[in-house]
Amino acid sequence: MSMMAYEQKIKETDKSLAEAVKANPHLARYLTSLRSKGIAQPAYYVQLSRDMRYMNNINILYPVGDPIFIHVYERAKGERLYYQVVEPTVPKEFNELLREVDKALAALIGNEEVEDNESEKERILLSKLNSLVIIDQSLPTWNYRVLKKSGIPIKIRINEETFSALKYQLILHKVKLGLIEPFIRDPYIEDISCDGVGPIFIEHKVFGSCETSVVFESEDQLDEFVISLSERAMRPVTYRRPIVDGSLPDGSRINIVFGSDISMRGSNFTIRKFADIPISITQLIKWRTIDAIASAYLWLMLESGMSVWFCGETASGKTTLLRATCVFIRPEAKIISIEDTPEIIVPHDNWVREVTRQGEDAESSIELFDLLKASLRQRPNYIIVGEIRGKEAYVAFQAMQVGAPVITTFHAGSVQKLIQRLTGAPIDIPKSYIDILNCAVIQSAVRLPSTGTLERRVLSINEIVGYDSVEDRFDFIELFSWDPVSDTFIFRGEGSSHLLENKIAIMRGIPRRRVREIYKELENRAIFLEKLVEKGVLDYFDVWKAVKVAWKVGVEEALKMVLRGEEIWKY
Ligand SMILES: Nc1ncnc2c1ncn2[C@@H]1O[C@H](COP(=O)(O)OP(=O)(O)O)[C@@H](O)[C@H]1O
Ligand SMILES: [Mg+2]
């Protein structure tokens with residue numbers, strides 16, 4: 001079938017695909033090539049949904065912004081899914097033209113200061129390119145003519161199609177992130193990992209782990225890419241500093257290991273993508289990561305200045321839940337966030353954001369430890385530490401002791417492990433100080449028995465009561481726990497919370513004999529959050545607005561407003 005006929009055929013069945021094909025000739029070519037390989041035509045979706053993971057025979061095409069498309073399909077039954085990037089490709093001869101253009105651009109741009117801003121870089125590059133290129137439609141695609149002066153190209157003649165391929169390639173590699181740009185654009189990717197020469201693997205939000213068509217052919221190609229990536233993250237790798245952590249321009253976190261001295265398979269990197277706008281607590285309730293009453297409990301804790309630590313394994317969703325719950329901190333609170341790579345976002349006005357600095361040596365570096373110590377003098381109402389791993393835990397305990405509660409994430413799969421790590425070397429918190437930390441949330445990625453899919457769940461929320469030196473044992477209350485069989489959360493119920501009764505109720509002026517009121521407050525908040533979920537209020541900032549109204553007029557009143565049909569999240 002000719003390209004025209006092919007276009008015609010899909011126009012009848014799917015208009016949006018037809019439009020995409022029209023604007024992207026390489027997509028038409030790709031779809032045609034599938035036939036000769038005996039691969040069925042994929043179904044085109046402009047948006048994916050989480051249920052697609054249950055489809056039989058996954059074969060899906062979706063756009064991630066022109067000219068890039070993603071084709072996800074099963075290459076063989078039972079095998080890992082394949083993630084094919086569909087983008088304009090160029091023939092080998094094109095590289096010669098690229099080299100000429102490079103030379104010309106180097107001469108044109110020279111030592112000019114180039115902004116470290118993507119759109120500015122792109123604008124400059126395109127304007128130089130426009131002054132260099134003369135469009136000549138008489139030339140066949142990929143052919144070119146160069147006019148040189150003292151060996152440097154000053155004019156290049158190419159046709160329209162070659163020019164657009166050239167623009168795409170130059171921007172992709174010089175402004176964007178080259179080979180991995182499609183992954184950065186794809187909103188459905190959670191992380192990207194390259195273990196060395198060979199294909200890159202990704203973790204897809206809908207389809208899970210996939211092998212991709214992006215492949216490093218040689219160690220040299222990989223090393224060169226890794227160096228440029230580290231420069232983009234402003235943390236260049238060198239032989240002296242072969243391991244770096246940083247963040248990419250879009251806020252994704254990156255870890256890079258350079259060279260084969262340390263890692264047998266050569267350079268490698270992993271990228272954890274991060275959404276700019278945090279996932280909301282109502283979204284997490286909807287996904288059943290947590291339920292409304294447990295969220296309401298965290299609301300009361302964070303509103304009352306309790307220290308809550310989010311614990312779990314890597315990628316269990318700690319940072320995501322921490323970010324979602326920050327809306328519960330009192331709107332007028334002064335918050336200081338301290339991190340190695342910026343991930344924390346809070347919607348509060350009075351927010352000081354501090355990020356560590358990795359210098360060449362210890363003297364020029366500023367670590368979490370230093371920032372945390374300095375923050376104690378700034379009288380914050382809350383300190384949020386992105387992740388606590390080592391000796392900074394000790395300073396965090398000092399902060400909590402002097403009345404600056406700390407919210408953070410911590411790598412520990414259970415309360416027992418958390419306490420063990422805190423009270424053991426090298427952190428060495430005295431055992432009797434352990435209840436300075438009020439509350440520990442344990443999270444995990446779990447495989448649901450009912451569907452067999454991997455989901456994130458809060459396994460438990462625990463109140464740290466203290467250390468019993470006579471029995472040499474730590475007391476804590478597992479106030480909420482997740483039941484894997486029913487996939488629901490179990491609340492131990494009224495009368496079982498140490499923090500609500502002995503701290504929060506007292507702060508709120510509730511006398512002992514009316515302590516039940518605190519549980520009523522908890523219930524109201526849970527209903528409030530449930531109503532927001534019901535009404536589809538899933539946007540992070542909408543939730544923030546609704547919580548602020550509740551803070552102003554009281555939860556009971558805010559709940560009445562919502563029940564009356566007022567859209568308080570639009571206030
Ligand atoms: N409840 C959730 N449901 C689905 N995906 C989630 C959930 N929580 C986190 N994620 C995704 O999982 C990845 C890891 O989450 P993150 O919060 O960074 O984990 P951690 O801080 O524990 O390492 C992110 O891509 C995030 O978007
Ligand atoms: Mg994290």
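The values are calculated or read from the model by the stated rules, or taken from the named source; none is laboratory data. Quick caveat, the model's predicted, so the values are computed rather than measured. Neighbour counts run over all protein chains shown; Cβ positions are idealised from the backbone, glycine included. Accessible surface is based on the protein model in full, side chains and every heavy atom, while ligands, DNA and RNA are left aside. Shrake-Rupley method; radii C 1.70, N 1.55, O 1.52, S 1.80 Å.
For each pair in LYS334/LYS545; LYS334/LYS548; LYS273/LYS548; LYS273/LYS334; LYS128/LYS176, compute the distance between the two Cα atoms and list the pairs where it is over 26 Å. Don't skip to the end; give the middle numbers.
Numbers: LYS334/LYS545 18 Å; LYS334/LYS548 15 Å; LYS273/LYS548 29 Å; LYS273/LYS334 28 Å; LYS128/LYS176 17 Å.
From the list (LYS334/LYS545; LYS334/LYS548; LYS273/LYS548; LYS273/LYS334; LYS128/LYS176), the Cα-Cα distance tops 26 Å for LYS273/LYS548; LYS273/LYS334.
When you count, for each residue, the other Cβ atoms within 10 Å and take the mean per peptide, how do 50-58, 515-523 rank with the highest first?
Details: 50-58: 11.9, 515-523: 17.0.
Ranked from most to least packed, the peptides come out as 515-523, 50-58.
Which one, ILE329, LEU222, GLY246, projects farthest toward the positive side of the charge dipole computed for the chain from Cβ point charges (K/R +1, D/E -1)?
Selected residue: ILE329.
With every atom except the alpha carbons ignored, what do you get for Rg and Dmax of the range 379-520, in angstroms?
Looking at the range 379-520, its Cα Rg and Dmax stand at 16.8, 49 Å.
Could you please state how large a percent of the accessible area of the range 50-162 is carbon and sulfur, counting protein chains only and using a 1.4 Å probe? Don't skip to the end; give the middle numbers.
On the way: 3040 of 6540 Å².
The C+S portion of the solvent-accessible surface of the range 50-162 is 46 percent.
Mind listing which trypsin sites (Lys or Arg not before Pro) in the range 72-143 are in a DSSP loop and have 10 or fewer other Cβ atoms within 10 Å? Don't skip to the answer; put the middle values down first.
Working: sites: ARG75, LYS77, ARG80, LYS92, ARG99, LYS103, LYS121, ARG123, LYS128; in loops: ARG75, LYS77, ARG80, LYS92.
Taking the range 72-143 and a limit of 10 other Cβ atoms within 10 Å, the loop trypsin sites (Lys or Arg not before Pro) found are LYS77, LYS92.
Counting other C-beta atoms within 10 Å, and keeping those with at most 14, which DSSP coil GluC sites (Glu not before Pro) do you find in the range 110-203?
Qualifying residues, ordered by number: GLU112, GLU113, GLU115.
At R0 = 41 Å, how high is the FRET efficiency between ASP245 and SER138 if r is their beta carbon distance? Nearest 0.05 is fine.
0.20
With unit charges on the beta carbon (Lys/Arg positive, Asp/Glu negative), name the residue among CYS439, VAL402, ILE388 whose Cα is farthest towards the positive pole of the charge dipole of the chain.
CYS439
SER304: net charge of surrounding residues, Cβ under 10 Å, Lys/Arg +1, Asp/Glu -1, itself excluded?
Working: positive: ARG330, LYS503, ARG508; negative: GLU303.
Computed value for this residue: +2.
Taking 8 Å as the Cα distance limit and 6 or more residues as the minimum spacing, I'd like the relative contact order of the chain as a percentage.
Working: 973 pairs, mean separation 49.6, N = 571.
Relative contact order for the chain comes out at 9 percent.
Please give every one of the lysines within straight-line cross-link reach of LYS37, meaning a C-alpha to C-alpha distance under 22 Å, and leave out same-chain neighbours fewer than 8 residues apart.
Once the sequence-local lysines are set aside, what remains near LYS37 is LYS9, LYS77.
Counting Lys and Arg as +1 and Asp and Glu as -1, each charge on the Cβ, what is the dipole of the chain about the Cα centre in debye, to the nearest 20?
Details: 73 positive and 80 negative charges, 196 e Å.
Around 940 debye, computed over the chain.
Once Lys and Arg get +1 and Asp and Glu get -1 on their Cβ, which of SER33, GLN169, LEU129 lies farthest toward the positive end of the dipole of the chain?
Farthest towards the positive end: SER33.
Using the C-alpha gyration tensor of the range 179-243, what are the square roots of 5 times its eigenvalues, in whole angstrom, with the largest one first?
In descending order, the three semi-axes are 23, 14, 10 Å.
If you count the DSSP beta bridges with both ends in the chain, what percent of them are antiparallel, to the nearest 5?
Working: 61 of 91 bridges.
If I count the DSSP bridges inside the chain, around 65 percent turn out antiparallel.
Any idea what the relative contact order of the range 282-397 is, in percent, if you count C-alpha pairs under 8 Å spaced at least 6 apart? Write out the running numbers ahead of the final one.
Values: 139 pairs, mean separation 25.3, N = 116.
For the range 282-397, the relative contact order is 22 percent.
Tell me the volume per residue, in Å³, of the convex hull enclosing the alpha carbons of the range 43-118. Don't jump to the answer; show the numbers that get you there.
On the way: hull volume 12.3 nm³, N = 76.
Convex hull volume per residue, Cα atoms: 162 Å³.
Over the range 281-500, with the other protein chains present, what is the accessible area per residue in square angstrom, probe 1.4 angstrom? Can you show the working numbers first?
Details: 8660 Å² over 220 residues.
Heavy-atom accessible area per residue stands at 39 Å².
At a threshold of 8 angstrom on Cα-Cα distance, excluding pairs fewer than six apart, so keeping six or more, what relative contact order does the range 215-261 reach in percent?
Details: 55 pairs, mean separation 14.2, N = 47.
RCO, the range 215-261: 30 percent.
Classify the range 91-184 as rounded, prolate or oblate, taking a ≥ b ≥ c as the square roots of the eigenvalues of its Cα gyration tensor: rounded when a/c is under 1.5, otherwise prolate if a/b is larger than b/c and oblate if not. Let's see the in-between values first.
Numbers: a/c = 1.93, a/b = 1.24, b/c = 1.55.
In terms of gyration-tensor shape, oblate.
With N residues in the range 281-500, what two-decimal value do you get for its Cα radius of gyration over 2.2 N^0.38 Å?
Values: Rg = 17.2 Å, N = 220, 2.2 N^0.38 = 17.1 Å.
Taking N as the residue count of the range 281-500, the ratio is 1.01.
For the chain, report the translational diffusion coefficient in µm²/s to the nearest whole number, using Stokes-Einstein at 37 °C, 0.692 mPa s, and a Kirkwood Rh over Cα pairs. Write out the running numbers ahead of the final one.
Details: Rh = 27.0 Å.
Taking Rh from Cα pairs, D becomes 122 µm²/s.
Can you list residues whose amide H is under 5 Å from GLY259's amide H, if they're 5+ apart or on another chain and H is modeled 1.01 Å from N?
For GLY259, the qualifying residues are SER267, ASN268.
Assign one of three labels to the range 267-397, namely rounded, prolate or oblate, based on the Cα gyration tensor with a ≥ b ≥ c the square roots of its eigenvalues; rounded applies when a/c is under 1.5, prolate when it is not and a/b is larger than b/c, and oblate otherwise. Walk me through the numbers on the way to the answer.
On the way: a/c = 1.98, a/b = 1.31, b/c = 1.52.
Taking the square roots of the gyration eigenvalues as a ≥ b ≥ c, the range 267-397 is oblate.
Can you tell me the convex hull volume per residue for the range 150-194, based on C-alpha atoms, in Å³ to the nearest whole number? The partial results should precede the final answer.
Details: hull volume 4.8 nm³, N = 45.
About 107 Å³ per residue, rounded to a whole number.
In the range 305-461, what percentage of the DSSP-assigned beta bridges are antiparallel, given to the nearest 5?
Values: 8 of 30 bridges.
Just about 25 percent of them are antiparallel.
So, counting K/R as plus one and D/E as minus one, what does the shell of residues with Cβ under 11 Å around ILE384 add up to?
Numbers: positive: ARG323, ARG353; negative: GLU339, GLU343, GLU354, GLU387.
After counting each charged neighbour, the total is -2.
Please report the spacing between the Cα centers of the range 508-558 and the range 473-506 in Å, no decimals.
Using only Cα atoms to place each centre, the spacing works out to 18 Å.
Loop only per DSSP, at most 15 neighbouring Cβ atoms within 10 Å: give me the GluC sites (Glu not before Pro) in the range 407-496, ordered by residue number.
GLU471, GLU494
Would you compute, from DSSP H runs of 4+ residues alone, the mean residue ellipticity of the chain at 222 nm, taking -39500 (n - 2.57) per run and dividing by the full residue count, rounded to the nearest 500?
Working: 17 runs with 188 residues, N = 571.
After summing the helix terms and dividing by residue count, I get -10000 deg cm²/dmol.
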